[in-house]
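Colleague: The structure that follows is given in the form of structure tokens.
Each value in this text was obtained by applying a stated rule to the coordinates, not by laboratory testing. What you are looking at is a predicted structure, and each value in this text was computed from that prediction instead of being measured. Positions of Cβ are backbone-derived with ideal geometry, glycine not excepted, and every protein chain shown enters the neighbour counts.
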Amino acid sequence: MNVEKGIQDMIATPITRRRFGQLAGASALASLVAACAGGGTALTPSASPAGRGPVRGGTFVYARNLDAKTFDPHFSAQFSERYVLYLIFNTLVAYDKDFNIVPDLAQSWDISGDRQAITFKLRAGVKFHDGTDCDATAVKWNLDRILDKNVNSPLRGQIQPPLTAVEVVDPTTVRLRTSLAWRPLLAALGERPGFIVSPAAVAKYGKDFGRNPVGSGPFKFVEWTPDSRVVVERFEGYWEPGKPYLDRIEVRHVPDSQVRLTMIRTGEAHLIDSVDPSLVGNLRSAAGVTVSELQSGRFWAVQGHNGKAPLNNADLRKAIAYATDRAAIKRVVFSDTGRVATHPLGSGWAYDRSLDAGGYPFDLDKAQASLTKANLTNKTLLFATSSERAIQDMAQVVGTGYQKLGLTIQHQTVPAADWFGLLKEGKVNWTITNWAPRADPDGLLRILWHSKGFQNTTGYSNPEVDRLLDEAAGIFDTAKAKELYRKVEEIVVENADYSFLVWPSEFAAYRSEVGNFVYHPDLILRMRDLYIAK
Amino acid sequence: MLRYVAERLLLTVALLFVISIATFGLMSLVVGDPVYAILGSESSADELTIERLRRELQLDRPLPVRYLDWASHAVTGDLGRSFRQPVPVRDAVLARLPVTLELTALATALAIACAIPLGMAAALRAGGRLDVGLSAVAAVNLSLPNFLLGILLIYVFALRLRWLPSAGYIPVTTDPLAHLRLLLLPTVTLAAAYVGSLSRYVRSLMADVLHEDYVRTARAKGLGRAVVIRRHALRNALIPLTTVIGVEVAGLFGGAVVTEIVFSLPGVGTLLTESILGRDLPMVQGIVLFVTAAVVLSSLGVDLLYGFLDPRVRMS
């Protein structure tokens, strides 16, 4: 279960513009898209410049808004930290472009007959950058570190309860025991809980490990100047033969999106992402720049609380859902890129295309009929959204539809940094949100719609949904699990506490001499296999 | 003299105290619960972890208690630990200070170096083409916001002409030339507005001085025009200018915040912005203290410099 918050991802990157706007009213400089974890299909296949194979050498510069706090993966909570983590560390398992689980440190794995134990066979002879062994003992030490209540890792909730014990079988075999059959554990081990750090280095640096990260990944840490740059260089003792290709990678903190666009055009940066859809056309015509589009599975939605005003009235929720002009949002806010969203899962193996045509199509007559049924006494409703520009634009568009029904919308704007806290405290109850897809569909559906989901901010509680989610999580056969997730989606879509808007496209741009670029479904660019053609 | 300095320093301490209460109050009352902002954008922390963090950061204690606790440490020079980064506030600010100081010092030097000759030339030919032209340029400079000018400069010099890098920072110890190339555009951006306002000051101060009796006397004595301007007029005109420069230091810092963000410089300005948006209360508190102290002390420095430049002030 990849439990991270998509909406705050959104805050993580575009905060630049907002930050900028707050300081200087610079909305003209703003760009739109956030780096949000998403899943989907890369429309641009990985490229190989001029058809030649990979070459070794070179310093690679990646520019983004880097709001890193720590590079200790077990304490990491910022979206942008993961770009660097995947360079310095290996995970137990990895994801392919459809979120299927593939090997990384673990070469293979077996699921026991009762489905309550997973046994991993590890790659032999892997070393950390400090020369110590990355073996079964190290893996156990890492998972125990997350489980240790005294360590207080924010990741504990992602793997426990089900994970009860980690056993070393032999130096290259480690077994994870769970209290029940639980498929999402595998996916979690391709993400933060699966990063394996050097136990010796943690002992050496203690609390400062986050500033001196040591892993087994293709690049070793060189320096980090907060709010400026992170530098990593090739680890000569890396286990994958011939890799990595690059000598050095610099991740530059460039908060302003216009400056990032300039840097890719001048060649000062080899790669940027989170490119505003409205600026993509401009970049496509720039010499020496290749643009890559990813149809992400991140969803934007209007969410309302089931138990609190104004949307505690089910007929009002439906009226709102019918009055939401998704096509207009896509056109106005996303420059007509991306896809109109109608249900929670827009990517990954559980994405069910047959649900795309369902939901609540834009229909003002049906909206009006639902509104009549809702029998409102007070037609003035409080709609509170985060101050980010893209969200403000969306609020304008959806608000127009609501007003056509004769509703008076009181639109309140709250600072983006406080928005999520206010939502959790129940002070914001009707708002615009976005969520990134997880490698395992259980992640998103459970945290949002399970009655005990810890990001369940709509007060949704349905025993049938709880039961379906729990049952599906125990099924390792993804085709069978997918059927149950389809039922969950149908139920929550019908309820309309979330009115889905758009699955946006995400854009990255790289210099044409860069090879092996692949857009990953969680949007974290794995730069470990890139090369620069001579 | 000593007494005067002591009084000013005491006043500074009182001011810092008031400012710290105001910052603390504003940051704590205006923003919501900072825990969610602190936990980060992807936290999967459960309620237990959140409560624990709240206790750890002492956010569960009443506001006055938290302030007194902070203040009693601050007096000893301990500004607390950042919520956002695993470092003490003082270390973080001190690490960033050199970048901001260098940027503001370079910008001030550039602004003065441009403003004095321009202002003088305009004063000597008041109403002339240069004078009118300068007024226009000054007006544009003053009204052109830093961030826009910064982006325009990047567009012209980095993207179109490819003479300079667009943004970033390299420490002077790593590569002095690259360091200066990266600082050039930010310096010009920050200095631009001050060239405008300072040159107008120089012009009007100079114009006043040129009508003084002693200038006429000097000319009547038979001294050359250039000598009179340089030795009599300019020196007298520059004395009030030091005050103007001292006063503008505060404004310069505000400009530095924006300039640093545009050019991705790791100075106090970016740190302040990130900290405000990350709801890092101790860091904001610490930076505000540092900046307040810097502004107050620089104006004290200017006052003392005044006495040095003008013996009449020293004697009275």
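Colleague: What is the dipole size for segment A:347-445, taken about its Cα centre, with +1 at each Lys and Arg Cβ and -1 at each Asp and Glu Cβ, in debye to the nearest 20?
Modeller: Rounded to the nearest 20 debye, it is 340 debye.
Colleague: How far is it, in nm, from the label point at A:Glu483 to the one at A:Asn152 when both lie 7 Å from their Cα along the line to the Cβ?
Modeller: 4.7 nm
Colleague: With θ set to phi - 60° and the Karplus curve 6.51 cos²θ - 1.76 cosθ + 1.60, what are the ³J(HN,Hα) couplings of segment B:233-246 in order, to the nearest whole Hz, using x for Gly and Pro?
Modeller: Whole-Hz 3J(HN,Hα) from phi for segment B:233-246: 6, 4, 4, 6, 6, 6, 4, x, 5, 4, 4, 4, 5, x.
Colleague: Tell me which chymotrypsin sites (Phe, Trp or Tyr not before Pro) from segment B:162-222 have a DSSP coil assignment and no more than 15 other beta carbons within 10 Å of their own.
Modeller: Within segment B:162-222, the qualifying chymotrypsin sites (Phe, Trp or Tyr not before Pro) (loop, at most 15 other Cβ atoms within 10 Å) are B:Trp163.
Colleague: Still on this structure, please answer the following. Under 5 Å between amide hydrogens, which residues at least 5 positions from A:Arg229 or on another chain qualify, with H placed 1.01 Å from N in the peptide plane?
Modeller: Amide H neighbours of A:Arg229: A:His253.
Colleague: Hey, can you grab everything whose amide H is under 5 Å from the amide H of A:Ala165? Only 5+ residues off in sequence or another chain; H modelled, so Pro and N-termini drop out.
Modeller: A:Arg177
Colleague: Let me ask something else. Points 7 angstrom from Cα along the Cβ direction at A:Asn282 and B:Arg61: gap in nanometres?
Modeller: Each label point lies 7 Å from its Cα, and together they span 5.0 nm.
Colleague: Once Lys and Arg get +1 and Asp and Glu get -1 on their Cβ, which of A:Leu371, B:Leu198, A:Ala472 lies farthest toward the positive end of the dipole of the protein assembly as shown?
Modeller: Final value for the positive-end residue is B:Leu198.
Colleague: Place a +1 charge on the Cβ of each Lys and Arg in segment A:385-437 and a -1 charge on the Cβ of each Asp and Glu, then give the dipole magnitude about the Cα centre in debye, rounded to the nearest 20.
Modeller: Magnitude of the dipole: close to 120 debye.
Colleague: With the contact rule set at Cα under 8 Å and sequence spacing of 6 or more, what percent relative contact order holds for segment B:59-158?
Modeller: Answer for segment B:59-158 is 9 percent.
Colleague: Sticking with this structure for a sec: On average, how many beta carbons from a partner chain sit within 10 Å of the beta carbon of a residue in B:163-170?
Modeller: 6
Colleague: Sort B:245-257, A:259-271, A:445-457, A:112-124 by the packing proxy (mean of other Cβ within 10 Å over each peptide's residues), most packed first.
Modeller: Peptide ranking by packing, descending: A:259-271, A:445-457, B:245-257, A:112-124.
Colleague: Moving on. Of the listed peptides A:316-325, A:214-223, A:173-182, A:398-407, what is their order by residue-averaged count of other C-beta atoms within 10 Å, with the highest listed first?
Modeller: Packing proxy ranking, top to bottom: A:316-325, A:214-223, A:173-182, A:398-407.
Colleague: Roughly how big is the protein assembly as shown's charge dipole about its Cα centre, with Cβ charges of +1 (Lys, Arg) and -1 (Asp, Glu), in debye to the nearest 20?
Modeller: Its charge dipole is roughly 2480 debye.
Colleague: Let me ask you something else. In which sequence would B:Glu56, A:Glu483 go, from the one with the fewest C-beta neighbours within 10 Å to the one with the most?
Modeller: Lowest to highest Cβ neighbour count: B:Glu56, A:Glu483.
Colleague: Also: Counting only residues 5 or more places away or on other chains, whose amide H sits under 5 Å from the amide H of A:Thr91 once H atoms are built in the peptide plane?
Modeller: The answer is A:Leu105.
Colleague: Please give the contour-minus-distance gain from B:Val137 to B:Thr76: 0.36 nm per residue of separation, less the Cα-Cα distance, rounded to one decimal in nm.
Modeller: 17.1 nm
Colleague: If you don't mind, there's one more thing I want to ask. Is the shape of chain A best called rounded, prolate or oblate, per the rule: a/c under 1.5 gives rounded, else a/b larger than b/c gives prolate, else oblate, with a ≥ b ≥ c the square roots of the Cα gyration tensor eigenvalues?
Modeller: Oblate.
Colleague: Between rounded, prolate and oblate, where does segment A:147-186 land on the alpha carbon gyration tensor, with a ≥ b ≥ c its root eigenvalues, rounded for a/c under 1.5, else prolate if a/b exceeds b/c?
Modeller: Because a/c hits 1.5 or more and a/b fails to exceed b/c, segment A:147-186 counts as oblate.
Colleague: Separate question: Along the Cα-to-C-beta direction of A:Ser354, a point sits 7 Å from the Cα; which residues of segment A:480-501 have their amide N less than 19 Å from that point?
Modeller: Residues A:480-494 fall inside that zone.
Colleague: If the chain between A:Ser387 and A:Gln403 were fully stretched, how many nm would it gain, using 0.36 nm times the residue separation less the Cα-Cα distance?
Modeller: So the extension gain works out to 3.7 nm.
Colleague: Let me ask something else about it. Taking 1 over the mean of 1/r across every pair of different Cα atoms in segment A:350-392, what Kirkwood radius in Å do you get?
Modeller: By the Kirkwood definition, the hydrodynamic radius is 14.1 Å.
Colleague: Further question: At A:Asp110 and A:Gln410, where each label point lies 7 Å from the Cα along Cα→Cβ, what is the point-to-point distance in nanometres?
Modeller: Between A:Asp110 and A:Gln410, the simple spin-label model gives 6.4 nm.
Colleague: Another question, if that's okay. Here is the link list: A:Lys366/A:Lys404; A:Lys308/A:Lys379; A:Lys121/A:Lys149; A:Lys424/A:Lys452; A:Lys149/A:Lys424; A:Lys69/A:Lys121. Which ones come out longer than 22 Å on Cα distance?
Modeller: From A:Lys366/A:Lys404; A:Lys308/A:Lys379; A:Lys121/A:Lys149; A:Lys424/A:Lys452; A:Lys149/A:Lys424; A:Lys69/A:Lys121, over 22 Å: A:Lys121/A:Lys149; A:Lys149/A:Lys424; A:Lys69/A:Lys121.
Colleague: Something else now. Could you please rank B:Arg61, B:Arg200, A:Arg298, B:Arg312, placing first whichever residue has the fewest other Cβ atoms within 10 Å of its Cβ?
Modeller: Least crowded to most crowded, the residues run B:Arg312, B:Arg61, B:Arg200, A:Arg298.
Colleague: Follow-up question, since we're still on this one. Using alpha carbons only, how many degrees (0 to 90, rounded to 10) separate the axis of helix A:257-266 from the longest principal axis of chain A?
Modeller: 50 degrees
Colleague: Right, another one. Would you mind calculating the relative contact order of chain A from Cα pairs under 8 angstrom and at least 6 residues apart, reporting the percent as a whole number?
Modeller: Result for chain A is 25 percent.
Colleague: Normalising by the residue count of chain B, find the relative contact order in percent from Cα pairs under 8 Å and 6+ residues apart.
Modeller: It rounds to 27 percent for chain B.
Colleague: Dipole of segment B:1-127 (Lys/Arg Cβ +1, Asp/Glu Cβ -1, origin at the Cα centre): which of B:Gly127, B:Leu39, B:Leu103 lies farthest to the positive side?
Modeller: Farthest towards the positive end: B:Gly127.
Colleague: Then there is this: Taking Cα atoms, how many degrees apart are the long axis of helix A:364-374 and the longest axis of chain A, rounded to 10 and kept between 0 and 90?
Modeller: So the inclination is approximately 80 degrees.
Colleague: Still on this structure, I have one more. Per 20 Å bin, what percent of the C-alpha pairs of chain B does each bin hold, from zero upward?
Modeller: Per 20 Å bin, starting at zero, the Cα-Cα P(r) for chain B comes out as 26, 49, 22, 3, 0 percent.
Colleague: Going by how many other Cβ atoms sit within 10 Å of their own, how do A:Met527, B:Met27 line up, fewest first?
Modeller: Starting with the residue having the fewest Cβ neighbours, the order is B:Met27, A:Met527.
Colleague: For chain A, what does the helix formula give at 222 nm: sum of -39500 (n - 2.57) over DSSP H segments with n ≥ 4, over the residue count, nearest 500 deg cm²/dmol?
Modeller: Per the formula, -8500 deg cm²/dmol.
Colleague: Take the alpha-carbon centre of segment A:428-504, take the same for segment B:158-209, and report the distance between them in whole Å.
Modeller: Between the Cα centres of segment A:428-504 and segment B:158-209 lies a distance of 54 Å.
Colleague: Rounded to the nearest Å, what's the spacing between the alpha carbon centres of segment A:51-122 and segment A:212-275? Just the number, please.
Modeller: 15 Å
Colleague: Specify which residue in the list A:Pro241, A:Val197, A:Phe221 is farthest towards the positive end of the charge dipole of segment A:158-295, using unit charges on the beta carbon of Lys, Arg (+1) and Asp, Glu (-1), about the Cα centre.
Modeller: So the residue furthest toward the plus end is A:Val197.
Colleague: If packing is taken as the average number of other Cβ atoms within 10 Å across a peptide's residues, how do B:273-280, A:305-312 rank, most packed first?
Modeller: Sorting B:273-280, A:305-312 by mean packing, highest first, produces B:273-280, A:305-312.
Colleague: Using each residue's phi in segment A:275-286, evaluate 6.51 cos²θ - 1.76 cosθ + 1.60 at θ = phi - 60° and report the 3J(HN,Hα) Karplus result to the nearest Hz, with x for Gly and Pro.
Modeller: Calculated HN-Hα couplings, in order: 7, 4, x, 6, 9, 5, x, 4, 6, 4, 8, 6 Hz.
Colleague: Apply the a/c threshold of 1.5 to the C-alpha gyration tensor of segment A:379-534 and tell me whether it is rounded, prolate or oblate.
Modeller: oblate
Colleague: List residues of segment A:493-516, by number, whose backbone nitrogen lies under 13 Å from a label position 7 Å along Cα→C-beta of A:Asp315.
Modeller: Correct set: none at all.
Colleague: Taking 0.36 nm per residue of separation and subtracting the Cα-Cα distance, what length does fully extending B:Leu26 through B:Ala293 add?
Modeller: 94.2 nm
Colleague: Go through segment B:120-135 residue by residue and turn each phi into a ³J(HN,Hα) via Karplus (6.51, -1.76, 1.60, θ = phi - 60°); whole Hz please, and just put x for glycine and proline.
Modeller: 4, 4, 5, 5, 5, 10, 4, x, x, 5, 4, 4, 5, x, 5, 4
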